[in-house]
Amino acid sequence: MLDDSISVPILVGSVFLFAGLLMFVFPPKKINYLYGYRTSSSMQNIERWNFAQKLSSKLMVICGILLLVTGFVGLILFPNQSAINIVGIIESILLTLFLFIKTEIDLKKKFGKTL
């Protein structure tokens, strides 16, 4: 099990926030397999790529902030660190799914079906 001194929502939220800000400030200019929001639908052309990078970085920042708020509120209100970590893991999974689903839906709305 996780060490009780680690708050999962704060740790994961910090990573999401940092990665989202990094992608927003320094978005990948070209379609690549290393850096950025990389799915088959986002990598079809440069217009889709740029749209997906901008949207996913904003969503990642929002998800990071939500996780940080959850983590800090949990630390203040609930003394049981294990419960906070379990909630943080579940929330991290749900927010990651939200980020991917929302970005893919918006790609489909803007550009139509994938080729």
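Annotations
- Residue-level analysis places residue 91 among those that are in contact with a Pro (Cβ under 8 Å, 6 or more places away or on another chain) and at pLDDT 95 or above.
- One residue from 42, 82, 92 being of a type in the set (S, T, N, Q) and not in a helix (DSSP H, G or I): 42
- Per-region count, segment 89-103, residues crowded, with 20+ Cβ neighbours inside 10 Å and without any contact (Cβ under 8 Å) to a residue 40 or more places away in the chain: 0
- Those residues of segment 46-88 which are at pLDDT below 95 and open to solvent by less than 60 Å² (accessible area, probe 1.4 Å), in sequence order: 70, 71, 74, 81, 82, 83, 84, 85, 88
- Pairing residues of segment 45-65 that are closer than 11 Å to residue 24 by Cβ with residues that are part of a helix (DSSP H, G or I) and hydroxyl-bearing (Ser, Thr, Tyr), at Cβ distances under 9 Å and at least 6 apart in sequence or on separate chains, gives 55/103; 56/103; 59/103.
- Of the residues making up segment 2-38, those that are surrounded by 14 or more Cβ atoms within 10 Å (Cβ to Cβ), touching a helix residue (DSSP H, G or I) at 6+ places or on another chain (Cβ under 7 Å) and either aromatic (Phe, Trp, Tyr) or not in a helix (DSSP H, G or I) (or both) are 2, 7, 16, 24, 27, 28, 31, 36, 37.
- Selection count, segment 51-95, where residues are among the hydrophobic types (A, V, I, L, M, F, W, C) and closer than 30 Å to residue 111 by Cα: 13
- Scanning segment 70-106 for residues that are in contact with a Leu (Cβ under 8 Å, 6 or more places away or on another chain) and under 29 Å from residue 43 (Cα atoms) yields 91, 92, 95, 98, 99, 102, 103, 106.
The values are calculated or read from the model by the stated rules, or taken from the named source; none is laboratory data. All figures in this text were calculated on a predicted structure; none of them were measured in a lab. Cβ coordinates were reconstructed from backbone atoms using ideal geometry, including for glycine residues, and neighbour counts include every protein chain displayed. These area figures cover heavy atoms from the full protein model, side chains too; ligands, DNA and RNA do not enter into them. Shrake-Rupley method; radii C 1.70, N 1.55, O 1.52, S 1.80 Å.
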